[in-house]
Amino acid sequence: MFSKELLKDQTILVTGGGSGIGKAIAKACLQHGAQVIIASRKEEKLQTALEELQTYGQCRYIVCDIREPEMISKLATDIKEQEGKLDILVNNAGGQFPSRAEDISNNGWNAVINNNLNGTWLMTQTLAKTFFIPQKQGNVVNIIANIFRGFPGMVHTGAARAGVENMTKTLAVEWSPYNIRLNAVAPGIIKSTGLEQYPPEMLKGLSDNIPMKRLGTTEEVANLCLFLGSPLAAYITGETIYIDGGQRLWGDVFKI
Ligand SMILES: CCCCCCCCCCC/C=C/C(=O)SCCNC(=O)CCNC(=O)[C@H](O)C(C)(C)COP(=O)(O)OP(=O)(O)OC[C@H]1O[C@@H](n2cnc3c(N)ncnc32)[C@H](O)[C@@H]1OP(=O)(O)O
Ligand SMILES: NC(=O)C1=CN([C@@H]2O[C@H](COP(=O)(O)OP(=O)(O)OC[C@H]3O[C@@H](n4cnc5c(N)ncnc54)[C@H](OP(=O)(O)O)[C@@H]3O)[C@@H](O)[C@H]2O)C=CC1
């Protein structure tokens, strides 16, 4: 429904682009004229995704753990050498595990904070310094989660995603002189590979607790990212957009 040239000539990096929401974002970007790099930890996953994605346009992958500064530095150098520029960073990689707060170990807390907050920060700072600040142009889309009423049952990710949301607002102001826009996308419950991490009994009946009575799709999240990454959203920065079928406003996912 958007013009096929919406992202023409744009170079886009999608972390976690080998599965689920990230893969759908990569596909949508390719279908709208961009060249796309996907990055995550597992090469096999990236290779399988690439075989599908390259049928839509120019795509490649880089193996990178967003928690490892050296890997991120190498990724930045690789993009500088191969593509010579970066226009849009989609910080989609992340994840957590469900647990009552009192049962989370120190390592478990740190693992989730490192993945979702520190990893997103490291990627954003390195790529902004390598590309967006010198280019005086850039665009960051941070995928967070529905943290509107906290995140009962996953306090670690709630805290991490709130950190990313605040980072998004702060950098939108600090880096506005460089013409860098940053926004956050907060998905509710999206039918994706990510949900396979959760025990089926936990997922049962979830739709009943969502005003729209269904889960979201990865394509719906991708469409929102397309919009935010494109010139259609040229005056939007520091914003968080929920895509949750109204879940943030009503109904309980976690029962006390
Ligand atoms: C009550 C729940 C509320 C309702 C649930 C409804 C479900 C719908 C919610 C939808 C919203 C969100 C959806 C999504 O985000 S989908 C995407 C999900 N994808 C993933 O989460 C995949 C990635 N996840 C991970 O990779 C891991 O979760 C993690 C970030 C922790 C990986 O880090 P790392 O590889 O470093 O982890 P380690 O294996 O080394 O472990 C480090 C410590 O963390 C503890 N841990 C890890 N997993 C669990 C677990 N499942 N349960 C408890 N503890 C866990 C691990 O034990 C280590 O700590 P210790 O050394 O102390 O043992
Ligand atoms: N599905 C849902 O309902 C919701 C999802 N989200 C968030 O959206 C994002 C995508 O989720 P979804 O597609 O559903 O789930 P997936 O588990 O399919 O996607 C997570 C992706 O992140 C990558 N990843 C995880 N940790 C790292 C890391 N340290 N470094 C690099 N890559 C990493 C994984 O690849 P690899 O294993 O190869 O590293 C994987 O491709 C996540 O941040 C998730 O938490 C938020 C709200 C709801």
Problem - Residues that are of a type in the set (A, V, I, L, M, F, W, C) and assigned to a loop (DSSP other than H, G, I, E, B), drawn from segment 1-39 - result: Met1, Phe2, Leu6, Leu7, Ala34
Handout entry: Condition met for Thr170 (more than 10 Å from ligand 1 (Cβ to nearest atom) and either in contact (Cβ under 8 Å) with a residue 60 or more places away in the chain or not hydrophobic (A, V, I, L, M, F, W, C) (or both))
Key = yes
Handout entry: Residue in segment 201-216 that is farthest from ligand 2 (Cβ to nearest atom), counting only those that are assigned to a helix (DSSP H, G or I) and more than 23 Å from Gly108 (Cα to Cα)
Key = Asp208
Problem - Answer from Thr130, Thr124 - the residue that is away from ligand 1 (no atom under 16 Å from the Cβ), surrounded by 20 or more Cβ atoms within 10 Å (Cβ to Cβ) and in a helix (DSSP H, G or I) - result: Thr124
Problem - segment 180-198 - residue that is over 15 Å from the mean Cα position of the chain (by Cα) and surrounded by fewer than 19 Cβ atoms within 10 Å (Cβ to Cβ) and, of those, farthest from ligand 1 (Cβ to nearest atom) - result: Lys191
Exercise for the section: Look through segment 167-200, keep the residues that are within 16 Å of ligand 2 (Cβ to nearest atom) and among the small types (Gly, Ala, Ser), and return whichever of them is nearest to Leu127 (Cα to Cα). Expected result: Ala184
Practice task
Kindly provide the set of residues from segment 1-41 that are within 16 Å of ligand 1 (Cβ to nearest atom) and more than 21 Å from Leu127 (Cα to Cα), ordered by number.
Solution key: Ser19, Gly20, Ile21, Ala24
Exercise for the section: Scan segment 111-120 and give yes if some residue there is away from ligand 2 (no atom under 14 Å from the Cβ) and either at negative phi or part of a helix (DSSP H, G or I) (or both), otherwise no. Expected result: no
Practice task
Kindly provide the set of residues from segment 192-222 that are of a type in the set (Lys, Arg) and at pLDDT 95 or above, ordered by number.
Solution key: Lys213, Arg214
Problem - Residue count for segment 133-151, restricted to those that are under 23 Å from Glu81 (Cα atoms) and crowded, with 22+ Cβ neighbours inside 10 Å - result: 3
Handout entry: Count - residues of segment 76-110 that are closer than 24 Å to Ala145 by Cβ and either touching a residue at least 40 places away in the same chain (Cβ under 8 Å) or of a type in the set (D, E, K, R) (or both)
Key = 19
Exercise for the section: Pick out the one residue from Lys85, Lys74 that is more than 17 Å from the chain's Cα centre (by Cα), outside any loop (DSSP other than H, G, I, E, B), basic (Lys, Arg) and closer than 19 Å to Phe131 by Cβ. Expected result: Lys74
Practice task
State whether the residues of segment 79-88 include one that is within 15 Å of ligand 1 (Cβ to nearest atom) and crowded, with 21+ Cβ neighbours inside 10 Å.
Solution key: no
Handout entry: Failed condition for Glu51, given (1) buried (at least 18 other Cβ atoms within 10 Å of the Cβ); (2) farther than 20 Å from Asn223 by Cα
Key = (1)
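The values are calculated or read from the model by the stated rules, or taken from the named source; none is laboratory data. Keep in mind that what you see is a predicted model, and the values were worked out from it rather than measured. Cβ coordinates were reconstructed from backbone atoms using ideal geometry, including for glycine residues, and neighbour counts include every protein chain displayed.
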